[in-house]
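Asks: Take a look at this one; I'll ask things after.
The values are calculated or read from the model by the stated rules, or taken from the named source; none is laboratory data. Just so it is clear, the structure is predicted and the values come from calculations on it, not from any experiment. Positions of Cβ are backbone-derived with ideal geometry, glycine not excepted, and every protein chain shown enters the neighbour counts. These accessible areas exclude ligands, DNA and RNA; they are computed on the full protein's heavy atoms, side chains included. Shrake-Rupley method; radii C 1.70, N 1.55, O 1.52, S 1.80 Å.
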Amino acid sequence: MCGIIGYTGSKQVKPIIIDALTTLEYRGYDSAGMAVCNNQKNRTDVYKCAGRVRDLEKKCEFKDIDSTCGIGHTRWATHGGVCDTNAHPHSVGKVTLVHNGIIENYKDLIDEFDLSSALTSETDTEVAAAVLDHFYEKGHDAKKAVKSAVKKLKGTFALVIMFSDIPDVIYSIRNVSPIVATLSEEGAMLASDNTALCRFTDRYFVVPEYTIVELKKDKVTMWDLNDNEITPQYLTMDWEKNSAEKNGYPFYMEKEIMEQPKAIRDTISGRTRAGIPNFEADHIPDSLFTGCERICVVACGTAMHAGLVFQALVKSRLNMHIDVELASEFMYSDPVIDEKTLVIAVSQSGETIDTLEALKYARRKGAKSLSIINVKGSSIARESDYVLYTNAGPEIAVASTKAYTTQLALFYLIVYKMAHIRGVLSDDEIRECIRNLKRVPEVVSSVLDEKNAVHVIARGVLDAKDLFMIGRGLDYSILMEGSLKLKEVSYIHSEAYASGELKHGPIALITDNTPVVALVTQERIMSKELSNIREVRSRGADVALFIKADLIQSSTREFDTFVLPNLPDELMVFPASVALQLLAYYVSSDKGFDVDKPRNLAKVVTVE
Ligand code: AGP
C-alpha cells in the first residue's frame, strides 16, 4: 500500500525520490507524486498524477527542478477514486504532506474546522493537511502545530510534512503506519519501509509512534508529545546492498523463488546446536514453549497457510491443541485465549494491520506472544514478547514465496524444539528430524533445476478459467497456498479442495477438460487420494499430477506428471510448494502479466 519517501541533504532530490518510489512500487499503488522545496520562490512545488511512477517521471521531465529537499508518495486509493487530484502530496496553505493510513474521523473534522468549501480532493489526507495548516497559521510553530493536529486525528497515519516557509526541513509523525529514518553523510532520509533506504545505508531506526521527527540536512531530532527529546535506536539491516534488485531476472517473483535454497539455509543456520534446535541467539527461553497449554496462530494469506502446515505438525508431533485463525476474523470470533496460550503472529512484512491488531488483542487477554517476521524492527516484531526472524532478505514481489518457505522452516524448528523440551521425541529422533530439515535446501534446488518441466505443465493451463487443486492431509494445506499463488498472479479462478470432500458437492463442476492439479506426497493417504484422482479423471478432468518420487506407481503414469524429489513425508511441503510457485509464475509470465504487481493487490496491507 502507500509508499513514502522523504529526503533533505546535499544531493538533487528528484532522482532520489523517483528511484525510491520505483523501489516502493512493489507495495502496490495507483498514483504517484512528489513535492520539492523551491528555495528561489519560497514555496513547495507539487507534481502528481494517477498512474505509474514512470508517468510522474514524464510529467516532471522538462521541469526545471533544482532542489535538495522533497517528499514522494505512491498512493493505493482508499478514500476517493484514482485521479490526479486525489494523488498525494496534498497542499493546504503553507502545509504540504503525504500520508499512509486512514484518518477515520475525517468527516467530523471537515465539520469541526468548517473545511467543506476549502477542499479540492475527496481524500481524508487533504483534511489532515487542512487541520495542520489551521494550527500552523496560529503561531507558525511547526512542532506545536503537528502536536495539536495529531491530537485531533483518529485512525492510523504516517504523515510526512513540509512547510513552505521552513526550507529544507521535513517533519513526520505516525500512529501504527510505519516510518523508518536514517542520517548519513549525504543527508537525512525517511521512508515507509527499509527497501527504499537500503541502497543508501544499512543503518536505520524505526520512528516510535506519536513522536515528532524533524529532518534537517545534517541532523535528525525527535521529540515525544511532551517535548522530551528521544534518541533514535539505530538498527542494522542485514540485507545485502543489491538484494532489493532483480539481478538479471525478468521478475522479482522468479528471483525470489530461485533464492529459496539460500533463504531456507539462512533461516535454519545458527538455530541448532549439536543437532538440536536452539533459540538462545534469539533470546527465546524454553519456558515459552513449556509454559503454554495451547497455541494460536494469527496471520493472513500466505502466512496463514504456513500456520496450517504448522497446525498439522503440532497435532501429529505434539498432540497439542492449536488454532490457526485468519487475523482479520480473529477479534470478532470470540477466540479462546488466556495466559496459558502462546499466540504466534506470522507476517513477512511485520506490518499487516489485521495481524498486528489480532496480536494486540491476544496480548490484552494475557497470552504470551512470539512472532515470525521477515522485516526487522517492524510493528508486529516490536509488539511481540519474542521474535524469530526468517532472514529471507527483502521480498519484493507481491506474491509471497521465500517468506512462506522460511516461515515453514521456523515452524519445523519450533515443533522439533517443543518435541524435545516436552520429552515427546528423544535426542536421537530430534537429530534425525534436523538432519532431514537441513537437506531441504538441496532438495529445493533440485526442484528448481527441473523448472522447465513445470513450465511445460503451466502451458497446459494457460487458457483455463477455473482450476481445481486436490489433495489430502498435509497436501491439502500445501495446495491452499498453491491455489492462492496461482489465482493472485494468473487471475485464474483456482480452488484448493480436500479430495475426499469433492463428492460432497464440487465434483459437479468437473467436466471434460477441467484442469485439476493433484498432489500426492503423503504415503498413508495415498491410495485414497489416487481413487479421488481417478474419480475426477473419469469425469473428463485433465489431471496434472505432482507426486513424490517414491510414491509413483504404474497407474500414475497416465497423467502429466512432475516428480517431486524424496524427503520424509512430513517435509514434502517444501519441494511441493516450490513446484506450485513455479507453476503460478510461469502461467502469469506466459500470459504476459506484470507478475510482480498483480492487479488490486498490495504487498503491505496496512488497512483493515
Ligand atoms: C501472498 O502471496 C499474498 N500476497 C498475501 O496473502 C500475504 O501473504 C498477506 O497479505 C500477509 O502478508 P504479511 O506476511 O506481510 O503479513
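Asks: Given (1) in contact with a helix residue (DSSP H, G or I) (Cβ under 6 Å, 6 or more places away or on another chain); (2) in contact (Cβ under 8 Å) with a residue 24 or more places away in the chain, where does F113 come up short, assuming only one miss?
Replies: (2)
Asks: Of all residues being assigned to a helix (DSSP H, G or I) and surrounded by fewer than 24 Cβ atoms within 10 Å (Cβ to Cβ) in segment 373-409, which is farthest from the ligand (Cβ to nearest atom)? Just the residue, please. Steps first, answer last, please.
Replies: The first filter runs over segment 373-409 and keeps only residues assigned to a helix (DSSP H, G or I), leaving 379-383, 402-409.
Right, trim to surrounded by fewer than 24 Cβ atoms within 10 Å (Cβ to Cβ) and you get 381-383.
On the way: A381: 12, R382: 15, E383: 13 Å.
Among those residues, the one meeting the criterion is R382.
Asks: Continuing with the same structure: Give me a count of the residues in segment 17-54 that are free of Cβ contacts under 8 Å to residues at least 60 places away in the same chain and assigned to a strand (DSSP E or B).
Replies: Counting residues in segment 17-54 that are free of Cβ contacts under 8 Å to residues at least 60 places away in the same chain and assigned to a strand (DSSP E or B) gives 11.
Asks: For segment 552-575, which positions are touching a strand residue (DSSP E or B) at 6+ places or on another chain (Cβ under 9 Å), in a helix (DSSP H, G or I) and at pLDDT 95 or above?
Replies: Those that are touching a strand residue (DSSP E or B) at 6+ places or on another chain (Cβ under 9 Å), in a helix (DSSP H, G or I) and at pLDDT 95 or above: D569, P575.
Asks: Among the numbered criteria (1) open to solvent by 10 Å² or more (accessible area, probe 1.4 Å); (2) in contact with a strand residue (DSSP E or B) (Cβ under 9 Å, 6 or more places away or on another chain), which one does N42 miss?
Replies: Against the list (1) open to solvent by 10 Å² or more (accessible area, probe 1.4 Å); (2) in contact with a strand residue (DSSP E or B) (Cβ under 9 Å, 6 or more places away or on another chain), N42 comes up short only on (2).
Asks: Among the candidates K63, K14, which residue alone is closer than 25 Å to A188 by Cβ and part of a loop (DSSP other than H, G, I, E, B)? Even if it seems obvious, please write down each step before you answer.
Replies: On the way: K14 fails: part of a loop (DSSP other than H, G, I, E, B).
Sole residue among the options that is closer than 25 Å to A188 by Cβ and part of a loop (DSSP other than H, G, I, E, B): K63.
Asks: For segment 282-371, list the helices (runs of 4 or more DSSP H) that sit wholly inside it and hold at least 3 residues that are closer than 27 Å to A158 by Cβ and either free of Cβ contacts under 8 Å to residues at least 24 places away in the same chain or within 11 Å of the ligand (Cβ to nearest atom) (or both); which are they?
Replies: 301-313, 327-330, 353-364
Asks: Follow-up. Condition test on F546, is it modelled with pLDDT of 95 or more and touching a Phe, Trp or Tyr at 6+ places or on another chain (Cβ under 7 Å)?
Replies: Working: modelled with pLDDT of 95 or more: yes; touching a Phe, Trp or Tyr at 6+ places or on another chain (Cβ under 7 Å): yes.
For F546, the condition - modelled with pLDDT of 95 or more and touching a Phe, Trp or Tyr at 6+ places or on another chain (Cβ under 7 Å) - is met.
Asks: Here is a follow-up. For segment 497-537, name all the residues that are more than 15 Å from I547 (Cβ to Cβ), open to solvent by 20 Å² or more (accessible area, probe 1.4 Å) and aliphatic (A, V, I, L, M).
Replies: Within segment 497-537, A498, I507, A508, L509 qualify.
Asks: Let me ask another. Would you mention how many residues in segment 143-175 are in contact (Cβ under 8 Å) with a residue 60 or more places away in the chain and within 18 Å of G70 (Cβ to Cβ)?
Replies: 13
Table: residues versus (1) closer than 24 Å to M253 by Cβ; (2) in a helix (DSSP H, G or I); (3) away from the ligand (no atom under 16 Å from the Cβ); (4) without any contact (Cβ under 8 Å) to a residue 12 or more places away in the chain.
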residue	(1), (2), (3), (4)
N513	no, no, yes, no
R524	no, yes, yes, no
R534	no, yes, yes, yes
V543	no, no, yes, no
S577	yes, yes, no, no
V587	yes, yes, no, no
R599	yes, no, no, no
V604	yes, no, no, no
E608	no, no, no, no
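Asks: Could we say that V489 is under 15 Å from L582 (Cα atoms) and within 16 Å of the ligand (Cβ to nearest atom) here? Even if it seems obvious, please write down each step before you answer.
Replies: On the way: under 15 Å from L582 (Cα atoms): yes; within 16 Å of the ligand (Cβ to nearest atom): yes.
Yes, satisfied.
Asks: Also, quick follow-up: Within segment 112-130, work out how many residues are assigned to a loop (DSSP other than H, G, I, E, B) and closer than 18 Å to S31 by Cα. Reasoning before the result, please.
Replies: Here is the first cut: in segment 112-130, the residues assigned to a loop (DSSP other than H, G, I, E, B) are 113-123.
With closer than 18 Å to S31 by Cα added as a condition, the list becomes 120-123.
Within segment 112-130, residues that are assigned to a loop (DSSP other than H, G, I, E, B) and closer than 18 Å to S31 by Cα number 4.
Asks: Look at S499 and say whether it is out of contact with any Cys (no Cβ under 6 Å at 6 or more places or on another chain) and either within 16 Å of the ligand (Cβ to nearest atom) or farther than 19 Å from L308 by Cα (or both).
Replies: In short, no.
Asks: Evaluate segment 199-216: report whether one residue or more is in a loop (DSSP other than H, G, I, E, B), of a type in the set (A, V, I, L, M) and over 27 Å from G93 (Cα atoms). Spell out the reasoning first.
Replies: Applying the first criterion (in a loop (DSSP other than H, G, I, E, B)) to segment 199-216 yields 199-202, 207-210.
Then drop every residue that is not of a type in the set (A, V, I, L, M), which leaves 207.
Applying the additional criterion that residues be over 27 Å from G93 (Cα atoms) yields none.
Checked segment 199-216: no residue is in a loop (DSSP other than H, G, I, E, B), of a type in the set (A, V, I, L, M) and over 27 Å from G93 (Cα atoms).
Asks: Another question about this same structure. Among the residues of segment 472-481, is any within 16 Å of the ligand (Cβ to nearest atom), within 27 Å of the chain's Cα centre (by Cα), open to solvent by 30 Å² or more (accessible area, probe 1.4 Å) and at pLDDT 95 or above? Full working, then the answer.
Replies: Narrowing segment 472-481 to residues within 16 Å of the ligand (Cβ to nearest atom): 477-481.
Next, from what is left, pick out any that are within 27 Å of the chain's Cα centre (by Cα): 477-481.
When the remaining residues are screened for being open to solvent by 30 Å² or more (accessible area, probe 1.4 Å), the result is 480.
Next, only the ones that are at pLDDT 95 or above stay: 480.
Among the residues of segment 472-481, at least one is within 16 Å of the ligand (Cβ to nearest atom), within 27 Å of the chain's Cα centre (by Cα), open to solvent by 30 Å² or more (accessible area, probe 1.4 Å) and at pLDDT 95 or above, which makes the answer yes.
Asks: Taking only segment 586-608 into account, find how many residues are open to solvent by 10 Å² or more (accessible area, probe 1.4 Å) and at pLDDT 95 or above.
Replies: Here the count works out to 6.
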